[in-house]
Each structure stands twice: as structure tokens, then as C-alpha cells.
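See below for the structure under consideration.
The values are calculated or read from the model by the stated rules, or taken from the named source; none is laboratory data. Remember, predicted model here, so these are calculated numbers, not experimental data. Note that we place each Cβ from the backbone using ideal geometry, even for glycine, and neighbour counts take in every protein chain shown.
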Amino acid sequence: MKSMSSSWQDREVVDTMLDDHDTWAIVGLSGDAGRTAYGVAAALQRAGKRIVPIHPVFAEPGAPTVLGQKGYATLADVPFPIDVVDVFRRSDAAGEFADQAVAIGAKGVWFQLGVVDEDAFERTVAAGTPMVMDTCPLIEWRKRAA
């Protein structure tokens, strides 16, 4: 029997998100280049992905772009389809973004390394939206290169 944590990182789901989904909303991405979200977003861009910064700061007038991309305060504000919602938030705050991802019709949800919400995982998968949890796209790319 497969452990729950192994289903969080199902190889087929990981590969589909990395290979077939091009527009990634990055929840928690700001202009702070010292934050992990910034480095991962930059790496996604280098891999050919379109990134969409999602952070409450973008509700403020004159909010800056991040990595050349316009930011949005919420997922619901984004006027085009999102393939993957990549969440950089504490585990106790991440579940709401999985729910929002399902509500906007995202094709997948990705919770970053250390972000675990088993209830959100169950809700998201039950709604028919694939989800990856407790890993990073950069880690998964390195695994494939090894």
C-alpha cells in the first residue's frame, strides 16, 4: 500500500505539471529577491514557464511587477487561465489557496517543500484537481536529471 506522503508526490502528477503546464501562479511571490519564492519563480521562467505573482501587496496602487510580470492580489483577479497554483505560505494558511485554485479551474496545485495540509490535499484531489505537496519544482527537476 502506498503511503499518504508518496501520493503527495505522485511521479505522473509531478511530471505532468512540470512538462505540460506553462502558466504558474506563484502565491506569496513579491519583489524580494532574497525569498525562496523569488528564486523558484525565476527558475520556472528560465524553464519557459509564465509566472503570475499573487500577493496582497499587488492590491496597492503602483505595486511593482516581479520578474517582469504584473502581479495580482488574488487568484480570482487573474484575467486568464492558470495551469498550476504554486503556494509559498505556511501550512496553516495554504489550504485556502488550494480551494481558490479549484474555484478558478486551475489544472493543478503545488504546495512547496515544508507546506503540508492533508485536508486540503484530500479536498483538492476529490474535486478532480491534481495536487503535489511538500516538494519543490527545482528538487523534482534535479531528481529527473540525476
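Some observations on this one:
- Residues of region 6-25 that turn out to be under 26 Å from PHE80 (Cα atoms) and of a type in the set (Ser, Thr, Tyr), as a count: 2
- Tally, over region 25-60, of residues that are free of Cβ contacts under 8 Å to residues at least 60 places away in the same chain, assigned to a helix (DSSP H, G or I) and of a type in the set (S, T, N, Q): 1
- Put simply, of ALA145, ALA126, ALA63 the only residue that is crowded, with 17+ Cβ neighbours inside 10 Å, free of Cβ contacts under 8 Å to residues at least 24 places away in the same chain and more than 14 Å from the chain's Cα centre (by Cα) is ALA63.
- Pairing residues of region 7-24 that are touching a residue at least 40 places away in the same chain (Cβ under 8 Å) with residues that are surrounded by 12 or more Cβ atoms within 10 Å (Cβ to Cβ) and part of a helix (DSSP H, G or I), at Cβ distances under 7 Å and at least 6 apart in sequence or on separate chains, gives TRP8/PHE121; VAL14/GLU140; LEU18/PRO137; LEU18/GLU140; LEU18/TRP141; TRP24/LEU44.
- Residue match in region 63-83 (condition: closer than 22 Å to GLY34 by Cα and in contact with an Asp or Glu (Cβ under 8 Å, 6 or more places away or on another chain)): no
- Just one of the listed residues (ALA120, ALA94) is at pLDDT 95 or above, over 21 Å from VAL40 (Cα atoms) and of a type in the set (Gly, Ala, Ser), namely ALA120.
- Taken as a whole, the condition of being β-branched (Val, Ile, Thr), over 14 Å from VAL27 (Cβ atoms) and surrounded by fewer than 18 Cβ atoms within 10 Å (Cβ to Cβ) applies to ILE139.
- Considering residues of region 118-146 that are in contact with a Leu (Cβ under 8 Å, 6 or more places away or on another chain), of a type outside the set (Ser, Thr, Tyr) and assigned to a loop (DSSP other than H, G, I, E, B) only, the residue nearest to SER7 (Cα to Cα): ASP134
- The residues of region 66-90 that are surrounded by 13 or more Cβ atoms within 10 Å (Cβ to Cβ), of a type in the set (A, V, I, L, M) and on the phi < 0 side of the Ramachandran plot, listed by number, are VAL66, ALA73, LEU75, VAL78, ILE82, VAL84, VAL85, VAL87.
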